[in-house]
1. Once you list every other residue whose beta carbon is under 10 Å from the beta carbon of A:Gln86, what net charge do they have if Lys and Arg are +1 and Asp and Glu are -1?
2. For chain B, what is the calculated [θ] at 222 nm in deg cm²/dmol (nearest 500), taking -39500 (n - 2.57) for each run of four or more DSSP H residues and dividing by its residue count?
3. Between A:Ala25, A:Ala167, A:Ala175, where does the largest GNM mean-square fluctuation fall for chain A, given springs only between Cα atoms within less than 10 Å?
4. Based only on Cα atoms, what mean projected area does the convex hull of chain B have, in nm²?
5. What value, in deg cm²/dmol to 500, does the helix sum -39500 (n - 2.57) over DSSP H runs of n ≥ 4 give at 222 nm once divided by the residues of chain A?
6. Roughly how many whole Å is it from the C-alpha centroid of the range B:1-35 to that of the range B:106-136?
7. Report the accessible surface area buried between chains B and A, summing both sides, using a 1.4 Å probe on protein heavy atoms only, in Å² rounded to the nearest 100.
8. Can you work out the Karplus-derived ³J(HN,Hα) for every residue in the range B:59-76? Use 6.51 cos²θ - 1.76 cosθ + 1.60 with θ = phi - 60°, whole Hz, and x for glycine or proline.
Amino acid sequence: MLNLTLKVWRQKGPKDAGQMVTYPAPGISPDMSFLEMLDVVNERMMEKDEEPIAFDHDCREGICGSCGTVVNGIAHGPRSATTACQLHMRSFKDGDTITVEPWRAKPFPVLKDLIVDRSAYDRIIAAGGFVSVNTGGCPDGNSLPIPKENAELSMDAAACIGCGACAAACPNASAMLFVSAKVSQLALLPQGQPERRDRVLKMVAQMDAEGFGGCTNIGECESACPKEIKLENIARLNRDFLVATVTKRPVTASQGGGA
Amino acid sequence: MELKSKLPSGPIETAWDRTRQELKLVNPSNKRKYSVIMVGSGLAGASGAATLAELGYQVKCFCYQDSPRRAHSISAQGGINGAKNYQNDGDSVWRLFYDTVKGGDFRAREANVHRLAEVSVNIIDQCVAQGVPFAREYGGTLANRSFGGAQVSRTFYARGQTGQQLLLGAYQSLERQIGIGAVQMYPRTEMLDVIVADGAARGIVTRDMVTGKIESHLADVVILATGGYANVFYLSTNAKGCNTTAIWRAHRRGAAFANPCYTQIHPTCIPVTGDHQSKLTLMSQSLRNDGRIWVPLKKGDKRPPGQIPENERDYYLERKYPSYGNLAPRDISSRAAKQCCDEGRGVGPTGLGVYLDFADAIGRLGENVIRERYGNLFEMYERITDENPYKIPMRIFPASHYVMGGLWVDYNLMSTIPGLHVLGEANFSDHGANRLGASALMQGLADGYFVIPYTIGDYLVNAKVKKIDASHPEVKKAEAEVTGRVKRLLSINGKRTPDSLHKELGKVIWEKCGMGRNAAGLKEALQRIPAIREEFWKNLKVLGSGDDLNVSLEKAGRVADFMEMAELLCIDALERDESCGAHFREEHQTPDGEALRNDEKFCHVAAWEWAGEGKTPILHKEPLTFESLHLTQRSYK
Ligand SMILES: Cc1cc2nc3c(=O)[nH]c(=O)nc-3n(C[C@H](O)[C@H](O)[C@H](O)COP(=O)(O)OP(=O)(O)OC[C@H]3O[C@@H](n4cnc5c(N)ncnc54)[C@H](O)[C@@H]3O)c2cc1C
Ligand code: FES
């Protein structure tokens, strides 16, 4: 069993200032996930009539992208390629003090404690992160052979879970890794070609409109990414963006809702 | 209550085509005059909302997560079935239809399943066109794998992340409609009631999970695509937020609940490690393509797996079911695992586990091939258990995973409340008493992309709904009830947290209404559930207020509904005095322990009507008739 000390960001609401609060966390099993450890701490707090620490989570399998906290200064914590929900307490030592904070990026305002608003990512997808096909009337799935290698590379990029760790880890709060993953996934497939240029311009315009910073190739995003999305995608985006800018009139961010 | 199933008559092969020709259409310029509420943004909800918006309807879509992309469908791993016969191995629409009806142990409607098999091929085409990166062969064509309960390879997949990729395809289509203003999206918004006015579903009452605001939304038609209730067991492979609230509240307003006792226990999940366990993790069934399941032959054999020689191992699925082997359907595989553990042959620290061993496959194909096929699942396993499955066999155990039961719907996917439609796992429609692997994704997308867009127009044209506004007394009444319930949850000021009560309930359901059920156990559960529910309403503790983001309050509301739903689950399990598919009544088994149906008495859908608080629900039966297939005893030997 581990006896730990937690320093957790507590913030009542979006307008509250917020502060770090220290909680003892004795008797933690190394088999617990990080979120189960927070569950245990929360249950104990509630017994003492203290409001539990609010955090986002759902699948607890590392795939929905809901969870996300900065653990000891690292987005999703110390274990590489691992979301907070899949981080297990055996990654910590008895006696450790662990700091737990929300994503820190201006386009992700804190709603409460560790929960932030990431709807900016949805609005970026709404601006152009899709193939414009309506339901029905699609050609046979095998009518369009796709080289296995392209399908695999496309899948590598498509593995993004939209958790926001990339922007949270970036000193510029850039969302380039997220945007480039979607741009790459679709640029690598024949289905993505008709809208390839438009897509990159619209998504980048929306990203800028949301207040994400520019990419200066620091690479923090790649090391924070729980799904190992590669910087190559950013290079691919940059190439597409350049081609698109010289061959097309620039577009402005779409007015669409997004969520 | 009358169950009008609207099933088409005549030859099954053309039934859906004929139905589509008969369904009334809404003229394109009139579609925008109709408004649709879609609750849920999983495969069923996102595909339905996007498609209806493309057709021109005004759509409002709701989900409880912060983004529609995070719906529970995202975690589906293994794949989606499609009767494409790309492998030239004898597949066809007919065979998928047959496998699904048989897999469901002849407790599903033939016409529904046939339609599902027909549109399965369109789903694959649709997803490919959206840019879903399905696995491919070197020649560039789509790859397939085989899945449980079938002898052909018809499962399409995207590594171990098929649900994610299909959902992102649907989500992107949805976002496209959101971007052009055709869908209004309400994330972090929980539906807490349905509004039924003048005899039809006309809206919902929601709580904004950030501000606490309780509000009603009105529309011409309401669709629920809110997923399944497997979390009634507390521990399950479902996402933590999966709940029964939407369908339970609809049930209380008049929607019949069908076959609640059909709950599926998945054979391959990572075993429980301790009391802190908050959920269980599935290891995709696709692993059974290459993994071999075994336990030691001898009871209490505590040697590490590597030291147990071949001739002291029992590959029990291969032994009992030689033609399907490790790919036997889920209900059968789960019960077989439980049986081994009950005999004292279970493995791991708790004795509740069996081995899933890849040594042979690695020897035959090499570690790289296995890594390519299942790499992400192996990593997930290692992260959770700290054991390397390339070297040591995985340990797995069955866990609650999926529910075949749900709101009763007619062939057009409408519930017994006019205007209330139900899609995806939330309805009961296509899987009978047991769902085959890779069929839930197929059903969710079939409902959303290819069924509801046709049937909803017919309802709107025939129903001629009149506009209503927020001053309608039923709207006020529903709002007041929701507000009252939230206040009540906050004012109990007892000692127990929502989670502790949920765990207590889940344990009773798992023990008495899990993999094996019997009359005595179910009767005991029916005594204990009301007591736990009473404790909940007397001794619940929810801190904080209703006016802001309050995670415990959200949980408490969901647990409150599980407390009621659980009782119906056990009532139905007791009433169905036969074994079929995943519903295994220990009193009814063949000499070698297989489920024994009673077609004379139970070849029907059990649809329950809410009779009021504290009253016994009323059972209605929809007889099932089999015209294309013969009712036979399932055999996977
Ligand atoms: C781990 C796992 C693996 C699986 N793998 C496979 C597989 O390989 N193949 C396969 O075919 N099936 C698989 N399944 C089953 C399949 O994933 C689900 O049955 C299916 O995705 C359900 O889709 P759905 O759209 O009906 O519901 P969900 O995806 O559960 O979506 C429900 C939606 O409703 C919303 N919602 C719920 N309640 C409310 C409320 N009260 N208010 C507002 N919104 C609400 C949620 O926010 C969400 O958007 C798997 C399931 C699990 C658990
Ligand atoms: S909770 Fe879904 S990724 Fe962590």
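1. Net charge around A:Gln86: +1.
2. So the calculated ellipticity at 222 nm is -11500 deg cm²/dmol.
3. Of A:Ala25, A:Ala167, A:Ala175, the Gaussian network model singles out A:Ala25 as fluctuating most.
4. 27.0
5. So the calculated ellipticity at 222 nm is -10000 deg cm²/dmol.
6. Spelled out, the Cα-based centre of one part sits 19 Å from the other.
7. Summed over both sides, the interface buries about 6500 Å².
8. 10, 10, 10, 10, 8, 8, 6, 6, 8, x, 5, 9, 3, 3, 3, 4, 8, 5
The values are calculated or read from the model by the stated rules, or taken from the named source; none is laboratory data. If you're wondering where the values come from, they're calculated on a predicted model, not measured in any experiment. Cβ coordinates were reconstructed from backbone atoms using ideal geometry, including for glycine residues, and neighbour counts include every protein chain displayed. To get the accessible areas, we keep the full protein, side chains included, count just its heavy atoms, and leave off ligands, DNA and RNA. Shrake-Rupley method; radii C 1.70, N 1.55, O 1.52, S 1.80 Å.
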